[in-house]
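All of the numbers you see were taken from the coordinates with simple rules; none came from a lab. Quick caveat, the model's predicted, so the values are computed rather than measured. Cβ atoms come from the backbone with ideal geometry, glycine included; neighbour counts cover every protein chain shown.
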Amino acid sequence: MKFYSVLMTGVALTASLYGQGKGAPADLATDLKQNYQGGKTKILAAAEQMPEDQYGFKASPDSTSFGGWVGHVADLQAQFCGGVIGENKQLGAAQKTGKADLIAALKESFTICDKAYDGTTAANAMEEVQTFRGPRPRASWLWFNVAHNEECYGSMATLLRFKSIVPPSTAARQKGKGKQ
């Protein structure tokens, strides 16, 4: 048992040092902000990439359209992040259909979230915030938003692929490898 404890301590220390050498964030709040920013970049780029005449595109009749995903992200981000900063604003993006209106709502939701993530520090990350699921630690609720965004981006990326458009995350990886 002692060997196992020493081994696991060594693995954890090695992983920690390896991660730090790769530019690992200094703390939970910084890591949270980095992950949020990555998702924000991909979602905004995807929303811009899809042609306006394809915002109503659905993979099947009973599924959500591309524009529906943009509106969904905007509305839920405003709710999630607005609750953290005490700005409970309803954007009504789910009722919008035009690309320009949906992107404007999406950007507004990211402005709200920017305040929530920028206001999160190592010191206040565990402070309780009120959510529609009851009280949650601030960082936990904001991680929930990151996870939700990544899930939605996956659906958006799939719809882009159905239209033979390379999603932003794939394009970024290809660019780094010298591919077009």
Between Phe144 and Asp53, the FRET efficiency computed from the C-beta separation at R0 = 45 Å comes out, to the nearest 0.05, as 0.85
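Based only on other Cβ atoms within 10 Å, what is the fewest-to-most ordering of Met156, Met126, Met50? Please report the intermediate quantities before stating the final value.
On the way: Met156 26, Met126 11, Met50 21.
Ordered by Cβ neighbours within 10 Å, fewest first: Met126, Met50, Met156.
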Burial ordering of Arg173, Arg138, fewest other beta-carbon atoms within 10 Å first: Arg173, Arg138
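Could you sort out which of Lys33/Lys163; Lys115/Lys175; Lys58/Lys89; Lys42/Lys163; Lys40/Lys89 sit more than 21 Å apart by Cα distance in this structure? Mind showing how you got there, number by number?
Details: Lys33/Lys163 31 Å; Lys115/Lys175 31 Å; Lys58/Lys89 28 Å; Lys42/Lys163 17 Å; Lys40/Lys89 19 Å.
Beyond 21 Å: Lys33/Lys163; Lys115/Lys175; Lys58/Lys89.
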Obtain the nm distance between the two label points defined at Arg161 and Ser60 by a simple spin-label model: each point lies 7 Å from its Cα along the Cα-to-C-beta direction. 1.6 nm
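Going by how many other Cβ atoms sit within 10 Å of their own, how do Phe162, Phe80, Phe132 line up, fewest first? Before the final figure, lay out the partial values.
Values: Phe162 13, Phe80 23, Phe132 8.
Ascending Cβ contact count within 10 Å gives the list Phe132, Phe162, Phe80.
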Of every Cα-Cα pair in the stretch 51-180, the percent that sits beyond 21 Å: 47 percent
Contact order normalised by length for the stretch 26-176, with contacts defined as Cα pairs under 8 Å and 6 or more residues apart; what percent is it? 30 percent
Run the simple label-point estimate for Ala26 and Gln174 please: 7 Å along Cα→C-beta, distance reported in nm. 3.8 nm
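Multiplying the sequence separation of Gln95 and Ala122 by 0.36 nm and subtracting their Cα-Cα distance, what value in nm do you get? If you can, show how the numbers build up before the last one.
Values: separation 27, 0.36 × 27 = 9.72 nm, distance 3.72 nm.
Working it through step by step, the gained length comes to 6.0 nm.
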For the stretch 99-113 and the stretch 125-179, write down the distance between their C-alpha centroids in whole Å. 15 Å
Filtered hits (aspartates and glutamates, Cα-Cα < 15 Å from Lys96, offset >= 8 within chain) -> Glu52, Asp53, Asp75, Glu108
